[in-house]
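One structure is given below, encoded as structure tokens.
The values are calculated or read from the model by the stated rules, or taken from the named source; none is laboratory data. Please read these numbers as outputs of a predicted model, since none were measured by experiment. Every residue, glycine among them, receives a Cβ derived from its backbone with ideal geometry; neighbour counts consider all protein chains shown. The area values use the complete protein model at the heavy-atom level, side chains included, leaving out ligands, DNA and RNA. Shrake-Rupley method; radii C 1.70, N 1.55, O 1.52, S 1.80 Å.
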Amino acid sequence: MSTITIPKNKRDELVQKFQDYFEQELDTELGQFDGEFLLDFIIKQAGPVFYNQGLADAQTIIERKTQDIADEIYEIKMVEN
């Protein structure tokens, strides 16, 4: 099983967004350590769900495009006969 990794600059950006959200919406200060801990929890719990949905969406697109190509090849074969 793969682990979801996020570059440090993106992690820092997400933690800052969590801190801003907690401050503005919950009137609570979220420290750097707690923000990183929260991010790790979200990645572990929700990350696979989002990742797998992204893969399923990509697979659907690829299958649709593959069918389009197969249909076009079939049309060409019919024209040439």
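Observations
- Qualifying residue in segment 3-10 (condition: free of Cβ contacts under 8 Å to residues at least 12 places away in the same chain, open to solvent by 90 Å² or more (accessible area, probe 1.4 Å), part of a loop (DSSP other than H, G, I, E, B) and in contact with a helix residue (DSSP H, G or I) (Cβ under 7 Å, 6 or more places away or on another chain)): no
- Residue list for segment 1-42, restricted to those being of a type in the set (Val, Ile, Thr), modelled with pLDDT of 95 or more and within 19 Å of the chain's Cα centre (by Cα): 15, 42
- Number of residues in segment 34-54 that are of a type in the set (A, V, I, L, M, F, W, C) and surrounded by fewer than 10 Cβ atoms within 10 Å (Cβ to Cβ) equals 1.
- Within segment 23-33, considering residues that are within 19 Å of residue 12 (Cβ to Cβ) and outside any helix (DSSP H, G or I), the one most open to solvent (accessible area, probe 1.4 Å): 29
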